[in-house]
Amino acid sequence: MRAGYPDFRLGTVLATSFTGTLSERHGNAVERIPTPQRLVDWLTVSGLAVDSCTPAQLDLARQLRESIHAAATAAALQDALPASAVHVINDCSAQGRAAAVLTPEGKRQWRLSSASRVEDALGVIAADAISIIAGERDGKLALCASPTCRAAFFDTSQSRTRKWCDMNTCGNRQKKARFNANQRKNPRAAE
């Protein structure tokens, strides 16, 4: 990726991967799409390539991201969905023009309108969020156990007991903190 920016944290679920473009929400927040070009980069690696992005489209994308996060968090906690978040998600879904197409390899791919507008890509992300929040897919929404993260993620593990949004970041960080705390309590254990 482009030098000077944090790496993207890509998962297998489009909507929750998109909310991961802002991480460590309860700590030192890390914005992974700080510029319009960076949003273009994220959309490209997510299979939703667009030609360009304006500052207003970046603002709309961030508004959708925060709405998905709010609604997914509420759903994970089994709380009422915030009306304003539902409104933004529905508007973005309705405004996008994209079609699902089948590749020769049997995979689904998204074809955006001929202009490859950011709004079309956001419509795909919003539709994905709707499908997971509405419970249409096999899995469950959960919140990362890291107190500084608390990202919403879609747990498709067999037991549905996953604790971390990403084992390579939040999970390892928490395990390392626990290990270091245990070492401080019992310094002879390391010998």
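Go through Cys144, Cys170, Cys149, Cys165 for me and flag whichever is modelled with pLDDT under 80 and touching a strand residue (DSSP E or B) at 6+ places or on another chain (Cβ under 7 Å). Result of the check over Cys144, Cys170, Cys149, Cys165: Cys165. Within the range 32-58, the set of residues being among the β-branched types (Val, Ile, Thr), assigned to a helix (DSSP H, G or I) and touching a Leu at 6+ places or on another chain (Cβ under 7 Å) comprises Val45 only.
When each of Ala15, Ala61 is tested for being among the aliphatic types (A, V, I, L, M), in a helix (DSSP H, G or I) and under 18 Å from Cys165 (Cβ atoms), the lone residue that passes is Ala15. Report, by residue number, each residue of the range 70-113 that is among the hydroxyl-bearing types (Ser, Thr, Tyr) and either touching a Lys or Arg at 6+ places or on another chain (Cβ under 6 Å) or outside any helix (DSSP H, G or I) (or both). Residues satisfying the conditions are Thr103, Ser113.
Residues of the range 1-50 that are modelled with pLDDT under 90 and among the acidic types (Asp, Glu): Asp7, Glu24. The single condition among (1) open to solvent by 60 Å² or more (accessible area, probe 1.4 Å); (2) not in a loop (DSSP other than H, G, I, E, B) that Arg137 does not satisfy is (2).
Here are Glu24, Glu66, Glu105: which of them is surrounded by fewer than 22 Cβ atoms within 10 Å (Cβ to Cβ), acidic (Asp, Glu) and touching a strand residue (DSSP E or B) at 6+ places or on another chain (Cβ under 6 Å)? Step through it out loud before you land on a result.
On the way: Glu66 fails: touching a strand residue (DSSP E or B) at 6+ places or on another chain (Cβ under 6 Å); Glu105 fails: touching a strand residue (DSSP E or B) at 6+ places or on another chain (Cβ under 6 Å).
Every option except Glu24 fails the conditions.
On the stretch given as the range 27-47, residues that are of a type in the set (S, T, N, Q), open to solvent by 60 Å² or more (accessible area, probe 1.4 Å) and under 21 Å from Glu119 (Cβ atoms) total 2. Scanning the range 121-134 for residues that are buried (at least 23 other Cβ atoms within 10 Å of the Cβ) and of a type outside the set (A, V, I, L, M, F, W, C) yields a single hit, Gly123. Among the residues of the range 48-63, those that are within 21 Å of Ala98 (Cβ to Cβ) and exposed (fewer than 14 other Cβ atoms within 10 Å of the Cβ) comprise Asp51, Ser52, Thr54, Ala56, Asp59. Listed by first and then second residue, the pairs linking a residue in the range 88-109 that is free of Cβ contacts under 8 Å to residues at least 60 places away in the same chain to a residue that is among the basic types (Lys, Arg) and loosely packed, with under 10 Cβ neighbours inside 10 Å, with Cβ atoms under 6 Å apart and 6 or more places separating them unless they lie on different chains, are Ala100/Arg108.
The values are calculated or read from the model by the stated rules, or taken from the named source; none is laboratory data. Keep in mind that this is a model prediction, so the values were computed, not measured. With ideal geometry, Cβ positions are generated from the backbone for all residues, glycine too; neighbour counts draw on all protein chains shown. The accessibility values were calculated without ligands, DNA or RNA, using every heavy atom of the protein model including side chains. Shrake-Rupley method; radii C 1.70, N 1.55, O 1.52, S 1.80 Å.
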